[in-house]
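Colleague: Could you have a look at this structure, given as C-alpha cells, before my questions?
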Amino acid sequence: MRPGQQFRTLLMALLLWQAWQSGLLAADPRPAVSLVVDYGDGVELRFRELPHRAGMTALDALTAAGKYPRGIKFVQRGRGATAMITEIDGLKNDPSGKSWLFSVNGKSAEVGSGAYELKAGDAVLWEFKPYE
C-alpha cells in the first residue's frame, strides 16, 4: 500500500468512527417515539423506544405501551380524535383536582391524544396534574 493510500484509508476509518460516535450511523435505524407516564407522586414509567409508524397518534403510543408485559392499563372515553384518557393504572381523573394531560417534546397539546400525530423521535409525556 502506498503512503497516500494508507492516509486515505486511515482518514476514512476515522470519519466512519466519528459518524458512528455522533449517532449518524445508528446501530438500529428503526423510527421510534418515547413515552413517559408521570404519576404525580415522584414515580415515572418510561418507554424509551416505541415503534413509530405513519399516522401514529399520542393515543396510539399509549396503546403500544400497554402491550408490553409490564405496560400500562388505561381507560378512555370516546374514540379517535375525540378520545379522552380518564384513567391510567387505576389513577382516575378527579374533576376537582388532577387529570391526565399530555405534552409532546415539552409542549402542551392543543388537540386530543387521538388527533395529535407523532413524528419519529417525538417524546410524549403523560402527567397526572392539575389543568393550568
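Colleague: Which one of the conditions (1) within 16 Å of the chain's Cα centre (by Cα); (2) at pLDDT below 95 does residue 38 fail to meet, given that it meets all the rest?
Modeller: Of everything listed in (1) within 16 Å of the chain's Cα centre (by Cα); (2) at pLDDT below 95, residue 38 misses just condition (2).
Colleague: Can you tell me which residue is surrounded by the fewest Cβ atoms within 10 Å (Cβ to Cβ) among those in the stretch 93-112 that are in contact with an Asp or Glu (Cβ under 8 Å, 6 or more places away or on another chain) and part of a strand (DSSP E or B)?
Modeller: The residue in question is 103.
Colleague: With respect to residue 40, determine if the residue is assigned by TED's automatic domain parsing to the domain that holds residue 113, on the phi > 0 side of the Ramachandran plot and in contact with a Phe, Trp or Tyr (Cβ under 8 Å, 6 or more places away or on another chain).
Modeller: When the stated conditions are applied, residue 40 passes them.
Colleague: Here's another thing I want to ask about it. Report yes if some residue within the stretch 87-101 is acidic (Asp, Glu) and over 18 Å from residue 65 (Cβ atoms); otherwise report no.
Modeller: Within the stretch 87-101, one or more residues are acidic (Asp, Glu) and over 18 Å from residue 65 (Cβ atoms).
Colleague: How many residues does the stretch 75-92 contain that are in a loop (DSSP other than H, G, I, E, B) and either in contact (Cβ under 8 Å) with a residue 40 or more places away in the chain or in contact with a helix residue (DSSP H, G or I) (Cβ under 8 Å, 6 or more places away or on another chain) (or both)?
Modeller: Number satisfying all stated conditions: 2.
Colleague: Given the options 70, 48, name the one that is touching a residue at least 12 places away in the same chain (Cβ under 8 Å) and of a type outside the set (Asp, Glu).
Modeller: 48
Colleague: Name, by its number, the condition in (1) on the phi < 0 side of the Ramachandran plot; (2) assigned to a loop (DSSP other than H, G, I, E, B); (3) modelled with pLDDT of 95 or more that does not hold for residue 63.
Modeller: (2)
Colleague: Now, a different point. Do we find that residue 127 is assigned to a strand (DSSP E or B), under 15 Å from residue 34 (Cβ atoms) and among the acidic types (Asp, Glu) in this structure?
Modeller: Against the criterion (assigned to a strand (DSSP E or B), under 15 Å from residue 34 (Cβ atoms) and among the acidic types (Asp, Glu)), residue 127 qualifies.
The values are calculated or read from the model by the stated rules, or taken from the named source; none is laboratory data. Since this is a predicted model, take the numbers as computed values, not measurements. No Cβ is skipped: glycine too gets one built from the backbone with ideal geometry, and neighbour counts run over all protein chains shown.
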